[in-house]
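Contents: one structure, followed by commentary.
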Amino acid sequence: MIRRVILDTGPLVAFLHAPDQHHDWAREILQEVEAPMVTCEAVISEACFLLGNWPAAVEKIGGFLRSGVIKVSFSLGEEGAPVFALIKRYTNMPISFADACLVAMSERHEDSRVLTLDSDFEIYRRHRRRKIHLLTPWTER
């Protein structure tokens, strides 16, 4: 089992949307992940927006939250300064708000891995210099 996973939007959408090119990978990897996966509200917002034409998929996200499979483990009120510092740091390569939240989460949860389809996480660094541990279709588990 894979423990301590920070969930990004891409794998969640791929898991819930069968036509997605990464659907099979997302189904496989999520069977190996120990609950709860942690994430931020920005990821939930993005996923609900992207899956807006598939109400059953959006409802499944709500079910994951209610059952504890996914846990929102981030408070912008408490973590706002690090998030906006990351946004400022990456002005030469714009970082999304959700990605900045996940990078900040990876700094707080040092032994975690970010489950993502976003190759920008290869560039982002936690604590300015340290690579973020990733779970992606292109990295080994």
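Some notes on this structure:
- Counted residues, region 115-141 - those being hydrophobic (A, V, I, L, M, F, W, C), crowded, with 17+ Cβ neighbours inside 10 Å and farther than 12 Å from residue 8 by Cα: 1
- From the list 80, 52, the lone residue that is outside any helix (DSSP H, G or I) and over 14 Å from the mean Cα position of the chain (by Cα) is 52.
- Among residues of region 1-29, those that are closer than 21 Å to residue 120 by Cα and in a helix (DSSP H, G or I), counted: 11
- Condition broken by residue 84, with the remaining ones in (1) within 21 Å of residue 101 (Cα to Cα); (2) buried (at least 17 other Cβ atoms within 10 Å of the Cβ); (3) of a type outside the set (D, E, K, R) satisfied: (2)
Every number here is computed from the coordinates shown, using simple stated rules; none is lab data. Since the structure is predicted, the reported quantities are computational estimates derived from the model, not experimental observations. Backbone-built Cβ (ideal geometry, glycine too); neighbour counts: all protein chains shown.
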